[in-house]
Ligand code: ZN
């Protein structure tokens with residue numbers, strides 16, 4: 001089959017297009033999907049670069065998100081048929097442990113992500129457990145579905161399930177670019193929150209407003225913490241979404257209200273930050289981490305996407321063979337919306 005491989009970790013130049021990689025066979029309870037669209041995530045760049053201690057069998061196929069049609073069924077994969085149009089849930093639990101059986105697949109000790117822990121979606125075919133696919137209605141395109149999965153389910157699990165966001169609350173999203181932040185803006189608005197965004201440039205601030213944010217602060221032009229206090233009558237916000245990390249976490253601690261929550265699903269600027277614990281106890285702040293989502297979240301965000309209530313933004317498309325250019329585009333940091341590989 002056609003695929004993009006990495007033979008060693010490093011930059012975008014390590015991505016190699018081949019047309020003779022062995023096509024995977026579905027085992028018991030699995031299905032094989034003929035990928036039609038794959039979506040890029042920052043995660044792909046981190047796995048490609050590698051990190052200290054990463055032990056991935058090489059060559060490896062990147063990619064968490066995809067949609068396509070079922071091409072072959074393993075034994076016991078019931079309720080699905082060859083030709084079904086489907087989207088993949090990129091988070092894969094063992095399906096048997098207490099946590100999986102209680103609907104907390106993302107806490108499974110064997111939890112893995114397509115393209116990070118196993119071969120991913122930058123390929124003509126991918127094999128996944130049958131429980132990880134959801135049928136697509138006819139009006140939803142493969143690229144829309146692929147673009148929605150990882151970022152929306154991550155944002156949904158963090159904001160709604162872990163953060164308990166309710167209508168009428170205020171949410172500050174630190175960082176305007178990036179798929180999870182764009183998804184967080186839409187989900188927080190859908191939940192009935194007032195949404196503030198801190199963007200790194202006037203252009204990104206404008207894009208955040210176009211996505212539905214109530215106010216966007218350009219941190220290159222004004223002190224964002226002071227701006228938040230002015231806009232919230234010096235209370236601070238109920239919830240801060242901070243996936244920037246090291247560079248902004250202390251600002252987030254100041255911008256959140258007394259008794260508020262800070263939600264973290266990532267750390268694009270670095271993980272080893274120092275925080276002033278006095279603010280934490282004096283302000284009754286909760287810092288809540290989460291990663292990926294469970295299957296119920298996946299089904300829920302996909303239904304909202306099918307109904308048009310969540311709309312993934314697509315900013316660029318490349319053929320599979322041009323994955324290198326797609327990675328370079330994503331790494332530039334100026335993309336607002338998803339980068340798609342057409343397979
Ligand atoms: Zn499990």
Quick check, is residue 173 free of Cβ contacts under 8 Å to residues at least 24 places away in the same chain and touching a helix residue (DSSP H, G or I) at 6+ places or on another chain (Cβ under 6 Å)?
no
Only unsatisfied item for residue 177, checking (1) in the same structural domain as residue 308 (by TED's automatic domain parsing); (2) not in a strand (DSSP E or B), is (1)
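Would you be able to say whether some residue in segment 104-113 is away from the ligand (no atom under 16 Å from the Cβ), buried (at least 23 other Cβ atoms within 10 Å of the Cβ) and not in a loop (DSSP other than H, G, I, E, B)?
no
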In segment 59-81, which residues are closer than 18 Å to residue 118 by Cβ and assigned to a loop (DSSP other than H, G, I, E, B)?
59, 61, 62, 63, 64, 74, 77
Subset of segment 243-274 (residues that are over 20 Å from residue 169 (Cβ atoms) and at pLDDT 90 or above)
249, 250, 274
Confirm whether residue 146 is surrounded by 20 or more Cβ atoms within 10 Å (Cβ to Cβ), over 20 Å from residue 262 (Cα atoms) and touching a strand residue (DSSP E or B) at 6+ places or on another chain (Cβ under 8 Å).
yes
Among the strands (runs of 3 or more DSSP E) lying completely within segment 1-58, list those that include at least 1 residues that are free of Cβ contacts under 8 Å to residues at least 60 places away in the same chain.
3-6, 15-18
Does any residue of segment 83-99 turn out to be away from the ligand (no atom under 16 Å from the Cβ) and part of a helix (DSSP H, G or I)?
no
Failed item in (1) farther than 14 Å from residue 153 by Cβ; (2) in a loop (DSSP other than H, G, I, E, B); (3) within 14 Å of the ligand (Cβ to nearest atom); (4) in contact (Cβ under 8 Å) with a residue 60 or more places away in the chain, with residue 121 passing the rest
(3)
So residue 129, is it in contact (Cβ under 8 Å) with a residue 12 or more places away in the chain, within 16 Å of the ligand (Cβ to nearest atom) and either crowded, with 22+ Cβ neighbours inside 10 Å or under 16 Å from residue 264 (Cβ atoms) (or both)
no
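For segment 229-246: of the residues being outside any strand (DSSP E or B) and within 20 Å of residue 155 (Cβ to Cβ), which is nearest to the chain's Cα centre (by Cα)?
Ranking the qualifying residues of segment 229-246, first place goes to 243.
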Need the failing condition index for residue 321 against (1) out of contact with any strand residue (DSSP E or B) (no Cβ under 8 Å at 6 or more places or on another chain); (2) modelled with pLDDT of 95 or more; (3) surrounded by fewer than 20 Cβ atoms within 10 Å (Cβ to Cβ), just the number.
(1)
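The values are calculated or read from the model by the stated rules, or taken from the named source; none is laboratory data. Bear in mind that the values here come from a model prediction, so they are computed numbers and not experimental data. Counting neighbours? That spans all protein chains shown, and the Cβs are built from the backbone with ideal geometry, glycine included.
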